[in-house]
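Have a look at the structure below before the remarks.
The values are calculated or read from the model by the stated rules, or taken from the named source; none is laboratory data. Worth saying up front: this structure is predicted, and the values here are computed from it rather than measured. Here the Cβ is made from the backbone with ideal geometry for all residues, glycine too, and neighbour counts use every protein chain on show.
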Amino acid sequence: MLWPTNQKRYEKLKSTFTDIEALVNDLMKSGFSGYLEIRLTNAGYYLLVRPKAPIQIYMKDNTSGKFYVVPELSVSRINEESKIDTAYIDVYDVEPERLDLLLGYLSAVPLYKDLSSEFTDFEKLINKLTRDTLSGYLEIIFDDASINPAYVFYDKGKVKDVSWGEQQFSGNSGVNELKLKMEDNEAQFNVYQNVGQESSEGTEDKSKNEEFYDNNRNGNRDFGKVKLDMEEAVEGAPPENLKKPEKKAKKTRVHDGRSENQFAERVEKKLENFSIQPYLDFTGALIKWVEDAVNKQKGKNYFSRVFKKGLLNVSDRYPFLDPFLAEFDYADGEIKFENEINVIEFLKGIYSAIIIIFEEMKERERNEIDKILKKTLIDLEREYRDEIEILRVRTLMPTLFQ
């Protein structure tokens with residue numbers, strides 16, 4: 001985890017007997033430097049406390065592990081919430097200098113995303129980030145979900161710490177531990193750079209990096225938009241995988257060099273026992289997200305008409321979607337479907353029907369719909385972030401999340 005855990009002052013204080021607001025005030029009076037971790041049933045809060053500085057509050061997304069600033073949150077509000085839902089509080093001492101580094105990590109932006117260990121040499125990537133004098137961190141997400149994610153923290157190219165679950169390592173000793181783990185396990189690498197850090201190649205590349213961040217936030221992960229020299233770290237991936245695709249070329253590869261079909265097959269294998277039933281609400285919202293974008297461009301009720309046509313056209317491959325069999329019914333964001341079908345198979349069928357709709361449109365109309373989808377994606381992610389990540393929907397439906 002991002003937050004240092006090696007100096008614990010208090011452990012598992014219960015809000016039943018502890019007033020959080022009073023606890024924070026007492027800590028601040030004593031010149032405390034560190035943070036409070038507050039765990040409720042459905043939320044996790046982190047209060048970062050530094051001497052003579054305002055308290056900073058972060059909310060944790062338990063699925064992605066990312067942290068977000070929620071402006072309306074306050075210590076008193078969290079204290080009130082803890083009286084309704086019992087909270088457990090841990091308090092950690094952290095040196096002010098280390099807290100300053102932590103603040104940079106929490107606001108870091110993506111530099112490289114979804115690099116696979118299958119084609120990216122871990123040791124060469126570590127060395128490259130050192131040469132680039134990175135201030136930020138490397139996130140390592142293992143394909144085996146039972147293995148905790150790991151983080152390698154950089155300050156101006158120097159490895160400061162390695163965090164792995166509850167374990168904390170200093171400097172290169174943690175990197176060596178990760179090397180051993182990488183020998184037997186595949187993983188995905190994400191690199192984050194602190195906001196405001198200049199590129200080692202100068203201000204010209206810095207502006208290009210900012211353009212990359214904007215594109216990345218909008219779902220556009222075209223590595224051709226920035227001069228990111230990764231050839232020495234990426235092995236075995238086709239050279240065209242690092243080039244900007246031609247305008248009319250269809251996306252056929254993800255960034256780790258495997259085809260989207262190959263990657264989807266791996267996802268499907270992992271989720272082969274997942275039924276669609278728990279995900280019907282999400283799938284309905286997903287279709288509604290597309291429906292609203294299409295109707296905004298093509299007119300009211302357009303989507304419902306052509307969607308049925310799309311379902312009919314894919315019914316030979318996905319018979320459970322055949323509109324004439326009446327097993328599947330969709331209307332205004334709600335799905336009625338009682339059969340037990342694999343969730344990935346179901347989503348692939350829905351996606352195939354939607355793609356047929358898009359293929360019959362003019363390029364100008366498609367471009368306008370793509371713009372609408374990008375603008376409204378944040379609303380879908382806000383409510384269904386867990387489902388999108390668990391089911392790897394971005395990979396299964398690349399045209400919608402491009």
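For residues in segment 299-348 being in contact with a helix residue (DSSP H, G or I) (Cβ under 9 Å, 6 or more places away or on another chain) and among the acidic types (Asp, Glu), which is farthest from Glu387 (Cα to Cα)? Step by step, filter segment 299-348, then rank; the result is Asp322.
Scanning segment 131-157 for residues that are at positive phi and without any contact (Cβ under 8 Å) to a residue 40 or more places away in the chain yields Lys156, Gly157. Against the criterion of being more than 23 Å from Tyr92 (Cα to Cα), of a type in the set (Val, Ile, Thr), free of Cβ contacts under 8 Å to residues at least 60 places away in the same chain and surrounded by fewer than 19 Cβ atoms within 10 Å (Cβ to Cβ), Val109 does not qualify. Taken over segment 9-54, residues that are among the charged types (D, E, K, R) and surrounded by fewer than 14 Cβ atoms within 10 Å (Cβ to Cβ) amount to 8. Does Ile57 satisfy the criteria of being surrounded by 13 or more Cβ atoms within 10 Å (Cβ to Cβ), closer than 24 Å to Asp386 by Cβ and either in contact with a strand residue (DSSP E or B) (Cβ under 8 Å, 6 or more places away or on another chain) or of a type in the set (Val, Ile, Thr) (or both)? Yes, satisfied.
Conditions (1) modelled with pLDDT of 90 or more; (2) closer than 16 Å to Glu186 by Cβ; (3) touching a strand residue (DSSP E or B) at 6+ places or on another chain (Cβ under 9 Å); (4) part of a helix (DSSP H, G or I), marked per residue:
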| site | (1), (2), (3), (4) |
| --- | --- |
| Tyr105 | no, no, yes, yes |
| Glu123 | no, yes, no, yes |
| Glu139 | no, yes, yes, no |
| Ser146 | no, yes, no, no |
| Tyr154 | no, no, yes, no |
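Does Phe67 fit the bill of being touching a strand residue (DSSP E or B) at 6+ places or on another chain (Cβ under 8 Å), at pLDDT below 80 and of a type in the set (Phe, Trp, Tyr)? Criteria met by Phe67.
Within segment 342-366, the residues that satisfy the criterion of being buried (at least 18 other Cβ atoms within 10 Å of the Cβ), under 28 Å from the mean Cα position of the chain (by Cα) and among the hydrophobic types (A, V, I, L, M, F, W, C) are Val343, Ile344, Phe346, Leu347, Ile350, Ala353, Ile354. Among the residues of segment 156-170, those that are over 15 Å from Leu103 (Cβ atoms) and in a strand (DSSP E or B) comprise Lys158, Val159, Val162, Ser163, Trp164, Gln167, Gln168, Phe169, Ser170. For the residues Gly219, Gly165, the requirement of being at pLDDT 50 or above and under 22 Å from the mean Cα position of the chain (by Cα) singles out Gly165.
None of Asp90, Asp114 is in contact (Cβ under 8 Å) with a residue 40 or more places away in the chain and under 27 Å from Phe17 (Cβ atoms) except Asp90. Look at (1) in contact (Cβ under 8 Å) with a residue 60 or more places away in the chain; (2) under 21 Å from Val294 (Cβ atoms); (3) surrounded by fewer than 19 Cβ atoms within 10 Å (Cβ to Cβ) and you find that Phe337 fails only one, number (2). Of all residues in segment 373-394, those that are closer than 17 Å to Val343 by Cα and among the β-branched types (Val, Ile, Thr) total 3.
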